[in-house]
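Note sheet for the following structure.
The values are calculated or read from the model by the stated rules, or taken from the named source; none is laboratory data. The structure displayed is predicted, hence computed values, not measured ones. Neighbour counts are summed over all protein chains in view; Cβ atoms, including those assigned to glycine, are modelled from backbone coordinates with ideal geometry.
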Amino acid sequence: MPSPSIRGAKLPLSAYRRPNPVERARFFLGKQLVVRSPEGLCSGLITETEAYGGNEDLACHGTGNRRTARTQMLFEPGGRAYVYLCYGIHSMLNFVIGPGDIPLAILIRAVHITAGQDLVKKRRPRAPKKGWTSGPGRICAALAITLADNGCDLTGNRIWVEDIGIRIHSSEITATPRIGVDYAGEWAAKPWRFVWGISKKTGNAIAPTLNCDRGDAP
DNA sequence: CTCTCGATTAGCT
DNA sequence: GCTAATCGAGAGA
């Protein structure tokens, strides 16, 4: 098991105020997501992301300047979490990265747990250990992220992201169309989903440069 | 007010 | 492979 002491520098606000969601979606791969709960810390390396936003992205909740009670967070200046409920059941975690008034966000779709495994086991007792944090809804269940975290300051002490020095080569990233946005017309086809390593069999991330089970994560 | 359906998942056939 | 779960956002009457 990897050491929970692998800690890097908390990403500053400037990491979340960027004009290009595709560039940021790739940037966050290999960064460490950390969540502090009353029961303790959990962390995981981000292995799968999707980019949302840009002028007319029909897959983005804020498309066409659609401001509602739910989407308002997307129009806030970057550096906060946008968490919403999907299918009435699952929470989805996004990082807001726009300058303000422009809805740009990164959906976190999968992580590789690096600390707090016992907490994750407790929260998802019936989940198989493989793939237990692969999927946007599973992440939030594993890390205890709920709708109450909507608007959470990502430079605060509840949810944040660390650079722990992992550098990912372009050849380790697979780009595919985003999942579940078929309604978005031509935007659905854009390769805005990014996976750090990918299994040809399952399509899931395999985090190629890691072997966290032996505790020798970089 | 009513109706539809979703940036999904788990469990069953 | 199929579908129930579960609820609020968003649209339209």
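Quick notes on this structure:
- Among residues of region A:51-61, those that are closer than 16 Å to residue A:20 by Cβ and either among the small types (Gly, Ala, Ser) or touching a Cys at 6+ places or on another chain (Cβ under 8 Å) (or both), counted: 4
- For region A:54-66, a tally of residues being in a helix (DSSP H, G or I) and more than 10 Å from DNA strand B (Cβ to nearest atom) returns 2.
- Filter pass, residue A:45 being modelled with pLDDT of 95 or more and touching a His at 6+ places or on another chain (Cβ under 7 Å): yes
Condition check ((1) modelled with pLDDT under 95; (2) farther than 24 Å from residue A:86 by Cβ; (3) not hydroxyl-bearing (Ser, Thr, Tyr)) across all residues:
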| residue | (1), (2), (3) |
| --- | --- |
| A:1 | yes, yes, yes |
| A:8 | yes, yes, yes |
| A:41 | no, yes, yes |
| A:54 | yes, no, yes |
| A:63 | yes, no, no |
| A:72 | yes, no, yes |
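- Residue pairs meeting the criteria (Cβ under 6 Å; at least 6 apart or on separate chains; first within 20 Å of residue A:76 (Cβ to Cβ), in region A:47-63; second part of a loop (DSSP other than H, G, I, E, B) and more than 13 Å from DNA strand C (Cβ to nearest atom)): A:49/A:28; A:50/A:178; A:50/A:192; A:51/A:192; A:59/A:181; A:63/A:57
- Residue, nearest to residue A:12 (Cα to Cα), within region A:67-87, restricted to residues that are near DNA strand B (Cβ under 9 Å from one of its atoms) and aliphatic (A, V, I, L, M): A:74
- When region A:67-86 is filtered for residues that are part of a loop (DSSP other than H, G, I, E, B), free of Cβ contacts under 8 Å to residues at least 24 places away in the same chain and not hydrophobic (A, V, I, L, M, F, W, C), the ones remaining, listed by number, are A:67, A:68, A:70.
- Per the listing A:196, A:192, A:187, the residue uniquely away from DNA strand B (no atom under 13 Å from the Cβ), surrounded by 18 or more Cβ atoms within 10 Å (Cβ to Cβ), on the phi < 0 side of the Ramachandran plot and modelled with pLDDT of 65 or more is A:196.
- Of all residues in region A:29-53, those satisfying the criterion of being in a loop (DSSP other than H, G, I, E, B) and closer than 22 Å to residue A:122 by Cα are A:38, A:39.
- Evaluation of residue A:90 against the conditions (1) within 8 Å of DNA strand B (Cβ to nearest atom); (2) crowded, with 17+ Cβ neighbours inside 10 Å; (3) over 18 Å from residue A:21 (Cα atoms) shows that the sole unmet condition is (2).
- When A:11, A:41, A:45 are checked against the criterion of being under 26 Å from residue A:204 (Cβ atoms), under 12 Å from the mean Cα position of the chain (by Cα) and not polar (S, T, N, Q), A:45 stands alone in meeting it.
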